[in-house]
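**Student:** First the structure, then my questions, so here it is.
Here, each number is a calculation from the coordinates, and none is a lab measurement. None of these values were measured; they are calculated from a predicted model. Cβ coordinates were reconstructed from backbone atoms using ideal geometry, including for glycine residues, and neighbour counts include every protein chain displayed.
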Amino acid sequence: MGTTVIKDIKIVEVSPRDGLQNEKEIIPFDKKKSFIEKLMETGVDEIEVGSFVSPKWVPQMQDTDKLFFSILPKDGIKFSALVPNMKGLERVMELPPQHRPKKLAVFTASSDTFNLKNINCTVEESFDRIRPVVEFAKREGFEVRAYISVAFWCPYEGKIPPEKTLYVCEKLIEMGVDEISLGDTIGRASPKDVSDLLSLLLKKIKPNMVALHFHNTYGMALLNSFIAFRDFGITTFDSSAGGLGGCPFAPGAAGNVATEDLVFMFENSGVKTGVNWKKIVEAVSILGIPLRSVISKVLGSR
Ligand code: HMG
Ligand code: MG
């Protein structure tokens, strides 16, 4: 029997997916596999292993099926993956049952322009594409997360009114998703933007259904995470080892908030994460990609 680790927040480690999808050089399969295996030793709750998207659109994710086939999650850890459409879901169902991710993530956005560049359809069209995926996934017993990209700011349309993101959120909840992850895709949200959106959203949705997914372009991701936890009771945070990450269809966006920085901040503020940030740095270091976290710079300067 393992010991129960008390946690105040849940970390969703998105580095194998968001962290790597924008890397130009294809990372060899064996290196990705070792990375994911090492991440399983760090104490993270969930690992987003990859995406069942078109390999023509995101070549780095082309080995997602093989990764799921080759690695089983250790007890207590949940594997998830992005699924953009029914074709993606078919790929999931082709895996042996025990190798399928427990959680599937559909994705849309708060702006048509971004959605067209990312998934080749408008926001309204995306609902028709996502609905059968959610219905099938729920029937088959998967948990379903829905990402809303550019929930605060869009690289093409500018500031997104909170009402627009609320509208998308309500549509997804009507479909039956279990969790909404709000993406600050271009890392542009200020603490005020976060407070404005969460104040509105949490009138309709419970905080335990909401995850936050901050990219760190303007260095606000840690502060925004802390405010979301302390002022709004959000307890699920997406982050990426080493601060790697970015969306190929959101030019200029930096990586996700670094898991080691997020853990360092929360743990030193008395908020239990269950994650060992030193092991996170060790895990991501095997990729040989320059790290972007504050912690890695501190370690590097010693
Ligand atoms: P499309 O071209 O409109 O799709 O792409 P289609 O249905 O017209 O099909 C065209 C071809 O793609 C067909 O093949 C399909 O079989 C194939 P062909 O007949 O030409 O040989 N195809 C697929 N192949 C494999 N897997 C599939 C699949 N679907 C179709 N699932 C599509 C639509 C959504 C597939 C495409 O736009 C796509 O894959 N986009 C990738 C988007 C992506 O991965 N973006 C990055 C992740 S999102 C993100 O980073 C944001 C997030 O982190 C939160 C945040 O930060 O905001 C989550
Ligand atoms: Mg992202």
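**Student:** Shape verdict for segment 67-188, please, from the Cα gyration tensor: rounded (a/c under 1.5), prolate (a/b greater than b/c) or oblate.
**Tutor:** prolate
**Student:** Between Ile47 and residues 5 or more places away or on another chain, which pairs have amide H atoms under 5 Å apart, with H built 1.01 Å from N, and which residues are they?
**Tutor:** Close amide H contacts, sequence-distant or interchain: Glu13, Lys78, Phe79, Ser80.
**Student:** Oh, and also: For the chain, with a Gaussian network of springs between Cα atoms less than 10 Å apart, report the residue from Asn276, Asn85, Asn120 with the top mean-square fluctuation.
**Tutor:** Maximum among the listed residues: Asn120.
**Student:** For segment 150-275, what class follows from the C-alpha gyration tensor (a ≥ b ≥ c being the square roots of its eigenvalues): rounded when a/c is under 1.5, otherwise prolate if a/b is larger than b/c, else oblate?
**Tutor:** oblate
**Student:** Hey, another quick one. Would you please classify the overall shape of segment 234-302 from the alpha carbon gyration tensor, given that a ≥ b ≥ c denote the square roots of the eigenvalues, rounded means a/c under 1.5, and beyond that prolate means a/b larger than b/c while oblate covers the rest?
**Tutor:** In terms of gyration-tensor shape, oblate.
**Student:** Here's something else I'd like to know. Through the Karplus equation 6.51 cos²θ - 1.76 cosθ + 1.60, θ set to phi - 60°, convert the phi angles of segment 282-298 into ³J(HN,Hα) values in whole Hz; use x for Gly and Pro.
**Tutor:** Result, rounded to whole Hz: 4, 4, 6, 5, 5, 6, x, 9, x, 7, 10, 7, 5, 4, 5, 6, 4.
**Student:** Taking amide H atoms as placed 1.01 Å from N in the peptide plane, list the residues 5 or more away in sequence, or in a different chain, whose amide H sits under 5 Å from that of Thr217.
**Tutor:** Result for Thr217 returns Gly187, Ala254.
**Student:** Please check which bits of segment 1-39 a label hung off Asp75 would reach, taking the label as a point 7 Å along Cα-to-C-beta and the cut-off as backbone N under 20 Å.
**Tutor:** The answer is 1-7, 37-39, whose backbone nitrogens lie closer than 20 Å to the label point.
**Student:** Label point 7 Å out from Glu41 along Cα-to-Cβ: which residues of segment 262-302 have amide N under 17 Å?
**Tutor:** Within reach of a label on Glu41, which here means backbone N under 17 Å from a point 7 Å along Cα→Cβ, segment 262-302 contributes 275-288.
**Student:** Still on this structure, I have one more. Applying the Karplus parametrisation 6.51 cos²θ - 1.76 cosθ + 1.60 with θ = phi - 60° to the phi angles of segment 103-111, what ³J(HN,Hα) value in whole Hz is obtained for each residue in order, glycine and proline being reported as x?
**Tutor:** 10, 10, 10, 8, 8, 9, 8, 8, 9
**Student:** Within segment 201-239, what residues put their amide N at less than 18 Å from the label point 7 Å along the Cα-to-Cβ vector of Asp8?
**Tutor:** 207-208, 212, 222-238
**Student:** Looking at segment 151-216, which GluC sites (Glu not before Pro) are in a loop (DSSP not H, G, I, E or B) and have at most 16 other Cβ atoms within 10 Å?
**Tutor:** Within segment 151-216, the qualifying GluC sites (Glu not before Pro) (loop, at most 16 other Cβ atoms within 10 Å) are Glu157.
**Student:** Treat every Asp and Glu Cβ in segment 146-302 as -1 and every Lys and Arg Cβ as +1, leave all other atoms uncharged, and give the resulting dipole magnitude about the Cα centre to the nearest 20 debye.
**Tutor:** Once rounded to the nearest 20, the dipole reads 320 debye.
**Student:** Treating only the Cβ atoms of Lys and Arg (+1) and Asp and Glu (-1) as charged, compute the dipole magnitude of the chain about its Cα centre; round to the nearest 20 debye.
**Tutor:** Taking the Cα centre of the chain as origin, the dipole is about 320 debye.
**Student:** Projecting each Cα onto the charge dipole of the chain (Lys/Arg +1, Asp/Glu -1 at the beta carbon, about the Cα centre), which of Gly158, Val281, Gly19 comes out farthest on the positive side?
**Tutor:** It is Val281.
**Student:** While we're looking at this one, here's another question. Please get the size of the charge dipole for segment 192-278, origin at its Cα centre, with Cβ charges of +1 on Lys and Arg and -1 on Asp and Glu, quoted in debye to the nearest 20.
**Tutor:** 280
**Student:** Among Gly288, Gly255, Gly245, which one shows the highest mean-square fluctuation when the chain is modelled as a Gaussian network with alpha-carbon springs under 10 Å?
**Tutor:** Gly288
**Student:** In vacuum, with every alpha carbon of segment 133-182 counted as one equal point scatterer, what does the Debye formula give for log10 I(q)/I(0) at q = 0.14, 0.17, 0.23, 0.31 Å⁻¹? Two decimals, please.
**Tutor:** Relative scattering, expressed as log10 I(q)/I(0), comes to -0.39, -0.54, -0.80, -1.13.
**Student:** Which links in Lys32/Lys87; Lys24/Lys117; Lys7/Lys278; Lys33/Lys164; Lys7/Lys117; Lys103/Lys192 stretch past 27 Å when you go from one Cα to the other?
**Tutor:** Checking Cα-Cα distances, Lys33/Lys164; Lys7/Lys117; Lys103/Lys192 exceed 27 Å.
**Student:** GNM on the chain, C-alpha springs below 10 Å: top fluctuator among Gly19, Gly158, Gly43?
**Tutor:** Highest fluctuation of the listed residues: Gly158.
**Student:** At 222 nm, what value in deg cm²/dmol follows for the chain if DSSP H runs of at least 4 each add -39500 (n - 2.57) and the sum is divided by all its residues, to the nearest 500?
**Tutor:** About -11000 deg cm²/dmol.
**Student:** Rounded to whole Å and sorted largest first, list the principal axis extents of the Cα atoms in the chain.
**Tutor:** Computed over the Cα atoms, the extents are 50, 44, 40 Å.
**Student:** Once you have the Cα-Cα distance between Glu23 and Leu299, take 0.36 nm times their residue separation minus that, and quote the gain in nm to one decimal.
**Tutor:** Going from the current span to full extension adds 97.0 nm.
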